[in-house]
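Colleague: First, the structure itself, so that you have it in front of you.
The values are calculated or read from the model by the stated rules, or taken from the named source; none is laboratory data. Predicted model only: the values in this text are computed from it and were never measured. Methodologically, a virtual Cβ is constructed for each residue, glycine included, from the backbone with ideal geometry; neighbour enumeration extends over all protein chains shown.
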Amino acid sequence: MSTTAPISRASMWPRIVLYAVLIVFAALFLMPLYVMLTTSFKTLAEIQQGNMLALPEQWTLTPWLEAWGSACIGLDCDGISGYFFNSIKIVIPAVVISALFGAFNGYVLTKWRFRGHKIVFGLILFGCFIPFQIILLPMARVLGVLHIANTTTGLVLVHIVYGIGFTTLFFRNYYETFPNELIRAAMLDGAGFFTIFFRILLPASGPIIVVTVIWQFTNVWNDFLFGVSFTSGENAPVTVALNNLVNSSTGVKAYNVNMAAAMFAAVPTLVVYVLAGKYFVRGLMSGSVKG
Amino acid sequence: MAIVELKNVVKNYGGHKGSKDSANAVENFNLLTEDGEFVVLVGPSGCGKSTTMRMIAGLENNTGGEIRISGRDVSAVPPKDRDIAMVFQSYALYPHMSVFENMAFSLRLKKTPNDEVKRRVNEAASILNIEHLLERKPRALSGGQRQRVALGRAIVRQPQVFLMDEPLSNLDAKLRVDMRAEIVKLHRKLGVTTFYVTHDQVEAMTMGQRIVVMLDGKIQQVDTPQNLYERPNNMFVAGFIGTPSMNFLRAKIASDRRALEGESFRFKAEGARGTALDTHTANEVWVGVRPEHLRYVEDSGHGAGLENMMRGTIEVVEPLGAVTMVQVQIDDARVTAQLDSHVQVTLGETITLACAGEKLHLFDADSEQALGLEQPVSEPLSAAV
């Protein structure tokens, strides 16, 4: 019995089947993206011929330019660029602030335990499971009282409040496995509460920061319900604008423009995943496995 | 450099009455160190040795009593202001900082000028021979190197007191022996008062100038290594110090108050031990004999009748090269004896073992306290308890 004996035909079959199934599913999942991309590069005339899966005969960038700068959304015909920047203005502060709060909560809940810390964590965790619909009316009232209704600032606040539950959960579980002796060593070295947080804990939180940023970024960027409920007109985020764009076309539906606009709306989350995806999995694992 | 004084120090975690936290984790701990002394706290896990050290560090508050460093009561002083440095079992190096920054961290927090930081870190690094590692991250270091860095971090601060919490237990056996010697050397060089926690009695015996043996939160004995070995206060200390452990036999005290007998052994109490039995009311007593004090006696047929001998069947033979360990069944006890390796013994054989009378230890049958302890030859370092 040699170890270099060729793999027998019988033992290869399961592998072949496995790969075949995987390839079929991968194709299935990539199909919409393919259709969106090809459609966005076709002229309207070509789309109307009906062959959805064909590559464009004549490549054109016009739909992309139109979607970005001159498509009509409601009564304004300035494209989705303005709304795209609205989303950026929302997503950056919302992600940074909610992640910082989460890290801070996690720090206190694991390293500076107080009486009832479990209850506090339980309540924060409970916040993750409150359905969006329940808070719509109260939140509208709060935004009104604070005079930030129909502003991107208002949406930032909503997303921070809603995100803290998840970010706290992530950071608490991560810091739970962070050795207490390091904290003690830092205390003896003369570091105080905030010094320990900013100079010892945060620099060692790379993986969980990536997880939190991806999670928060996709949630905030893809949010539609809060956007449509608390903003209108030119303050809406890109998801709402995309919906309005698709619904406000009159006469012939400009599928190519719609698809290009949808691609614009999808690109940031795609970029985040591609850049940080491998850290995402690593970060998810590191909470459970002691490193 | 400092004198550390612990007066009636108590730690209680304040659990509910009856729960396991309700008892005192440390009870009436009294100790006065000399300036620059190396004190080892030793005991089985859960005996309160680490808790005591953490109270000295200020990582835990003492529930009662006083802790004084150089005369100043530090009970209410935060850890960073106690002028102490601690070395942890897990090394506790900051993973994202280079070795240099790890060692410099405390100085940086104190806003020490840059050239002073450099000078002190380099000085500590050269003492520990880790100059070539200064740019590396902790993860690129071996266990022994990490331990050196952890020591370096403590040295850089030039504290009054060093605290070391089982610093060697994560190292492999050979490295542990090397580092042991090196820490002792370091202590001699720097002369800083040092507390060292370990559960390993060999480590305690080889390193400590004075050893505090603890059990269940209470000090059992504070003494020099030699005194602990020769004059243990009670059966716990007697059994804990020395490898293999001391053997204990339950003996009847004969009517002459000198002979101590069992079915297959007979000892005679001499000197102070004998006198102690005169006033001792009980009829039974524990006799302790260390394995290394037992001798093989050529069987002359009537050996069992002589003083200070025991007879039994060999149950286990373990040749270790230089010596041979045998376990012998004596009455209902298993007695371990360390014999010369040239003594030929076989399993199941009945042999006679002898012990010099002055090597016997006697303990009260109920309280397990030592009986008739002779005065130590030399005064132990400043007595405590």
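Colleague: List, please: which pairs have Cβ atoms under 7 Å, are six or more places apart or on different chains, and start with a residue in the stretch B:91-117 that is within 7 Å of chain A (Cβ to nearest Cβ) and end with one that is surrounded by fewer than 19 Cβ atoms within 10 Å (Cβ to Cβ) and polar (S, T, N, Q)?
Modeller: If the second residue must be surrounded by fewer than 19 Cβ atoms within 10 Å (Cβ to Cβ) and polar (S, T, N, Q), the pairs left are B:109/A:195.
Colleague: Just to verify a result, which residue in the stretch A:22-79, among those that are aromatic (Phe, Trp, Tyr) and assigned to a loop (DSSP other than H, G, I, E, B), is modelled with the lowest pLDDT?
Modeller: So in the stretch A:22-79, the residues aromatic (Phe, Trp, Tyr) come out as A:25, A:29, A:34, A:41, A:59, A:64, A:68.
From the residues that got through so far, the ones that are assigned to a loop (DSSP other than H, G, I, E, B) too are A:41, A:59.
On the way: A:41: 90, A:59: 86.
Among those that are aromatic (Phe, Trp, Tyr) and assigned to a loop (DSSP other than H, G, I, E, B), it is A:59.
Colleague: Just to be sure before I move on: is residue B:255 under 23 Å from residue B:327 (Cα atoms) and of a type in the set (Ser, Thr, Tyr) in the structure I sent?
Modeller: No: the conditions fail for residue B:255.
Colleague: Could you say which residue among A:73, A:16 is surrounded by fewer than 11 Cβ atoms within 10 Å (Cβ to Cβ) and not assigned by TED's automatic domain parsing to the domain that holds residue A:172?
Modeller: Details: A:73 fails: surrounded by fewer than 11 Cβ atoms within 10 Å (Cβ to Cβ).
Exactly one residue qualifies, and that residue is A:16.
Residue-by-condition table, conditions (1) in contact (Cβ under 8 Å) with a residue 60 or more places away in the chain; (2) buried (at least 17 other Cβ atoms within 10 Å of the Cβ); (3) in a strand (DSSP E or B):
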residue: B:2; (1), (2), (3): yes, yes, no
residue: B:8; (1), (2), (3): no, no, yes
residue: B:22; (1), (2), (3): no, no, no
residue: B:86; (1), (2), (3): yes, yes, yes
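Colleague: Looking only at the stretch B:257-296, which residues are closer than 11 Å to residue B:309 by Cα, in a strand (DSSP E or B) and not aliphatic (A, V, I, L, M)?
Modeller: B:261, B:262, B:265, B:266, B:267, B:268, B:295, B:296
Colleague: Let me ask something additional. With the condition kept exactly as written, say whether any residue in the stretch A:123-131 is part of a helix (DSSP H, G or I), β-branched (Val, Ile, Thr) and touching a Gly at 6+ places or on another chain (Cβ under 7 Å).
Modeller: Looking through the stretch A:123-131, at least one residue is part of a helix (DSSP H, G or I), β-branched (Val, Ile, Thr) and touching a Gly at 6+ places or on another chain (Cβ under 7 Å).
Colleague: Another question, if that's okay. Pairs only if they're at least six apart or on different chains, beta carbon under 7 angstrom, first in the stretch A:108-128 and without any contact (Cβ under 8 Å) to a residue 60 or more places away in the chain and within 24 Å of residue B:60 (Cα to Cα), second part of a loop (DSSP other than H, G, I, E, B) and not aliphatic (A, V, I, L, M); list them, first residue then second.
Modeller: From residues that are without any contact (Cβ under 8 Å) to a residue 60 or more places away in the chain and within 24 Å of residue B:60 (Cα to Cα), there are no pairs.
Colleague: Regarding the stretch A:188-205, can at least one residue be identified that is surrounded by 21 or more Cβ atoms within 10 Å (Cβ to Cβ), within 14 Å of chain B (Cβ to nearest Cβ) and within 20 Å of the chain's Cα centre (by Cα)?
Modeller: So far as the stretch A:188-205 goes, yes, one or more of its residues are surrounded by 21 or more Cβ atoms within 10 Å (Cβ to Cβ), within 14 Å of chain B (Cβ to nearest Cβ) and within 20 Å of the chain's Cα centre (by Cα).
Colleague: Does the stretch B:40-64 hold any residues that are surrounded by fewer than 18 Cβ atoms within 10 Å (Cβ to Cβ) and away from every other protein chain (no Cβ under 14 Å), and which are they?
Modeller: Scanning the stretch B:40-64 gives B:44, B:45, B:46, B:63, B:64.
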